[in-house]
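All remarks here apply to the structure that follows.
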Amino acid sequence: RQNRALQTEAEQLMARYQRSGQLDALLTARHFLNQHQDNPALANHRKRLEQWARRRFAEEMNTGEALYARGQYREAYCIWKQVAPLYPDNEELNKKLERSRRVLANLRTLQTD
C-alpha cells in the first residue's frame, strides 16, 4: 500500500512537470524520488526522470551556447544559472558560468569608463 501511494505521488509530480515544463516541477519530482532512493518500486520513475533531466540540461546548455555566441551574454548566463540546480557539480556548466560572469563584469567596467 505504501509503495502504491509513493508511486502515485511520483507519477503526479512527474505529470506536473510534463504539463508545465517548469524546471521547478522537474526539481521537485527529482527531490521526491531522491528522498525514496532505496525504494525499488520507484526505480523506473527515477530512470525516466533522469532521462528528462539530462535532456533538459542538454537543451538548456545548447540554448545558452547559442545566446552566448550571438553576444547575448546576460541571457546565456541566466539560462545556465537556472539549469544549474540539475547538475550543480557539472564542470562544463561551472566554467561557462564563470566565463560569462567575467565577460559581464568586463562589459560593466567598459560602460562605466
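Yes or no: region 66-82 includes at least one residue that is under 25 Å from residue 2 (Cα atoms), open to solvent by 40 Å² or more (accessible area, probe 1.4 Å) and either among the charged types (D, E, K, R) or within 16 Å of the chain's Cα centre (by Cα) (or both). The answer is no, given that none of the residues of region 66-82 is under 25 Å from residue 2 (Cα atoms), open to solvent by 40 Å² or more (accessible area, probe 1.4 Å) and either among the charged types (D, E, K, R) or within 16 Å of the chain's Cα centre (by Cα) (or both). Can we say residue 57 is surrounded by 11 or more Cβ atoms within 10 Å (Cβ to Cβ), free of Cβ contacts under 8 Å to residues at least 24 places away in the same chain and not charged (D, E, K, R)? No: the conditions fail for residue 57.
Is one or more of the residues making up region 38-52 of a type outside the set (Asp, Glu), part of a helix (DSSP H, G or I) and farther than 25 Å from residue 1 by Cα?
Residues of region 38-52 that are of a type outside the set (Asp, Glu), as a first pass: 39-49, 51-52.
Those left that are additionally part of a helix (DSSP H, G or I): 40-49, 51-52.
Now restrict to residues that are farther than 25 Å from residue 1 by Cα: 51-52.
Yes: region 38-52 contains one or more residues that are of a type outside the set (Asp, Glu), part of a helix (DSSP H, G or I) and farther than 25 Å from residue 1 by Cα.
Residues of region 11-28 include none that is of a type in the set (A, V, I, L, M, F, W, C), over 18 Å from residue 83 (Cβ atoms) and either outside any helix (DSSP H, G or I) or touching a His at 6+ places or on another chain (Cβ under 6 Å) (or both).
The values are calculated or read from the model by the stated rules, or taken from the named source; none is laboratory data. Quick caveat, the model's predicted, so the values are computed rather than measured. Counting neighbours? That spans all protein chains shown, and the Cβs are built from the backbone with ideal geometry, glycine included. Surface accessibility is based on the protein's heavy atoms, side chains included, excluding ligands, DNA and RNA. Shrake-Rupley method; radii C 1.70, N 1.55, O 1.52, S 1.80 Å.
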